[in-house]
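Here's the structure, in structure tokens; my notes come after.
The values are calculated or read from the model by the stated rules, or taken from the named source; none is laboratory data. Worth saying up front: this structure is predicted, and the values here are computed from it rather than measured. In this analysis, Cβ positions are derived from the backbone assuming ideal geometry, glycine residues included, and neighbour counts consider all displayed protein chains.
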Amino acid sequence: MSNLDTRPDEVVCASGGADLEVLTPREVPLGGPRAMRVRRTLPQRSRSLIGAWCFVDHYGPDDVADTGGMVVPPHPHTGLSTVSWLFTGEIQHRDSAGHAALVRPGELNLMTAGHGISHSEVSTEGTDVLHGVQLWLALPDAARDGEPGFVHHAPPAVERDGLTARVFLGSLLGETSPVGTHTPLLGAELLLAAGARVVLDVDASYEHGVLVDTGSVSAAGAPLAANDLGYLAPGRSTLELVAGDEPARLLLLGGPPFGEEIVMWWNFVGRTHEEVVAYREVWQSQLVDGTQHDGRFGVVADEPLAPLPAPELPNARLRTRS
Ligand code: MN
């Protein structure tokens, strides 16, 4: 997914309880002919990172006949991995490292940009309803200049009383994802039956985020509404979740505090303003007469859509997020 929001709004965040910080979403147009809209809960001014998770876009359920679905032409990334996770629908992914994949509900598709990659994401013709998330992970300094890559994993459903979990990154409920990451991470989809109460063992060195897709929950004793992202600081070894009167679907994200300052702009993660300016210049230099030429960000093969030019840089210097 491509971040087209170059002037993020300031969002006031209410505190949901003693331990839980509630990050409410803001609506951002994603682009495409009819500008599908997404609900962005990360980054925001009050919080940029949860572990290495640095970007949370949540969308749908959208009737594709109304929104036009997802039509994101080739665009570049550096210094991050993207995690696509769908609840409904299908997306065709193509990238410059030669990967073409169908993103399907309940299956992890993790694309690592490293030094540089470009990709396109388009919902398939057979998709009537599109509903899912796209998450970004910041790569640590030691890995951010590495080779691009792509990993697919369909995690098994872990069943407990009132709970079905799919652990796509890290470990939870005795299930460990085989997908390797450059920093310790947790990523899982949780389905709670109406009124279900679960107490999860979690890593006390991790901070956690609870993104509510459908229904409402109490997380660590404080309420979260649909589309909210609840933040919990490190220091807890259990996490209690209680569903409201309806079944609830959540994503649980986590990781130890990232510990590095990053600069995020458009689709790039770097460490300095100058670095991001240089990434933008390289991408723009690969776009000639509306077509993509080879270079640091490669070429997306068999791609009918014209590549996405970078927006103008803001007048101010880009600031680090920590
Ligand atoms: Mn993207």
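Of the residues 296, 271, only one is in contact with an Asp or Glu (Cβ under 9 Å, 6 or more places away or on another chain) and charged (D, E, K, R); which?
Result: 271 is the single residue among 296, 271 that is in contact with an Asp or Glu (Cβ under 9 Å, 6 or more places away or on another chain) and charged (D, E, K, R).
Give the range 194-224 a look and list any residue that's hydrophobic (A, V, I, L, M, F, W, C) and surrounded by 16 or more Cβ atoms within 10 Å (Cβ to Cβ), or say none.
196, 198, 200, 202, 210, 211, 212, 217, 219, 220, 222, 224
Restricting to the range 102-135, what's the tally of residues that are within 16 Å of the ligand (Cβ to nearest atom), surrounded by fewer than 24 Cβ atoms within 10 Å (Cβ to Cβ) and either modelled with pLDDT under 95 or not in a strand (DSSP E or B) (or both)?
3
So, in the range 44-83, how many residues would count as being in contact with a strand residue (DSSP E or B) (Cβ under 7 Å, 6 or more places away or on another chain), charged (D, E, K, R) and more than 16 Å from the ligand (Cβ to nearest atom)?
Summing the residues that are in contact with a strand residue (DSSP E or B) (Cβ under 7 Å, 6 or more places away or on another chain), charged (D, E, K, R) and more than 16 Å from the ligand (Cβ to nearest atom) in the range 44-83 gives 3.
If you check 246, 274, 260, 281, which single one turns out to be surrounded by fewer than 20 Cβ atoms within 10 Å (Cβ to Cβ) and under 25 Å from residue 84 (Cα atoms)?
Just a single option satisfies the conditions, and that option is 260.
Identify, from the list 142, 165, the residue that is of a type in the set (Gly, Ala, Ser) and within 21 Å of residue 56 (Cα to Cα).
165
What's the total number of residues in the range 136-161 that are over 21 Å from residue 279 (Cβ atoms) and more than 16 Å from the ligand (Cβ to nearest atom)?
10
Could you please let me know if residue 67 is crowded, with 19+ Cβ neighbours inside 10 Å, at pLDDT below 95, within 23 Å of residue 85 (Cβ to Cβ) and not basic (Lys, Arg)?
Against the criterion (crowded, with 19+ Cβ neighbours inside 10 Å, at pLDDT below 95, within 23 Å of residue 85 (Cβ to Cβ) and not basic (Lys, Arg)), residue 67 qualifies.
Any residue at all in the range 267-283 that is within 21 Å of the chain's Cα centre (by Cα), among the aromatic types (Phe, Trp, Tyr) and either more than 16 Å from the ligand (Cβ to nearest atom) or part of a loop (DSSP other than H, G, I, E, B) (or both)?
Within the range 267-283, not a single residue is within 21 Å of the chain's Cα centre (by Cα), among the aromatic types (Phe, Trp, Tyr) and either more than 16 Å from the ligand (Cβ to nearest atom) or part of a loop (DSSP other than H, G, I, E, B) (or both).
Here are some residues: 229, 241, 224. Which one is under 18 Å from the mean Cα position of the chain (by Cα) and either touching a residue at least 12 places away in the same chain (Cβ under 8 Å) or closer than 19 Å to residue 56 by Cα (or both)?
229
If we scan the range 84-96, do we find a residue that is in a loop (DSSP other than H, G, I, E, B), modelled with pLDDT of 95 or more and within 14 Å of the ligand (Cβ to nearest atom)?
The answer is yes, given that some residue of the range 84-96 is in a loop (DSSP other than H, G, I, E, B), modelled with pLDDT of 95 or more and within 14 Å of the ligand (Cβ to nearest atom).
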